[in-house]
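J.: Okay, here's the structure, questions in a sec.
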Amino acid sequence: MRDVYHHFTNPAAMNVSLFQNLRPGGVLAVIDFAPRHWLFWLRRPSGVPENRGGHGIPQKILVQEMTQAGFLLDRAIDGWGYWPEASYCIVFRKPQRQASRAADSSVSGSHHGSPGPDVIVAANETPV
């Protein structure tokens with residue numbers, strides 16, 4: 001997911017949906033940026049939680065929100081991109097399914113009962 005997370009108006013619901021649709025052990029990479037001083041003229045997008053600090057999202061808040069949904073932090077890559085104040089890439093992993101949940105098909109990624117994808121990426125993006 002690239003440069004869109006900071007626009008989510010209900011990140012908790014979105015994160016739960018992402019978590020439910022990702023295969024156990026699957027990876028989700030979020031590329032975004034912290035609020036930048038030179039973007040002061042861009043207000044926080046309408047409906048976005050106020051804890052963002054402007055246009056963008058601090059890494060700490062992103063990690064906090066994603067781990068609250070159940071994702072595990074895999075790694076953080078600073079200096080992602082080419083802007084003067086570079087973006088960051090945070091890679092999350094969905095934990096392997098617990099044995100007690102093996103029969104639970106409610107988080108299935110397809111209509112045929114098979115698990116969801118190993119990696120979720122936005123349209124026109126490639127996995128990290």
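J.: To make sure I understand, if each residue's beta carbon is the centre and we count other beta carbons within 10 Å, what order do 3, 32 fall in, fewest to most?
T.: Working: 3 14, 32 22.
The fewest-first ordering by Cβ neighbours comes to 3, 32.
J.: Where Lys and Arg each count +1 and Asp and Glu each count -1, what net charge lies around residue 63 among other residues with Cβ under 12 Å from its Cβ?
T.: Values: positive: 60, 75; negative: 32, 65, 74.
With Lys, Arg at +1 and Asp, Glu at -1, the neighbours total -1.
J.: Cut-off is 10 Å between beta-carbons; in what order do 65, 50 appear when sorted fewest neighbours first?
T.: 50, 65
Only the coordinates and a few stated rules stand behind these numbers; no lab work does. Owing to the predicted nature of the structure, the values given are computational and were not obtained by experimental measurement. In this analysis, Cβ positions are derived from the backbone assuming ideal geometry, glycine residues included, and neighbour counts consider all displayed protein chains.
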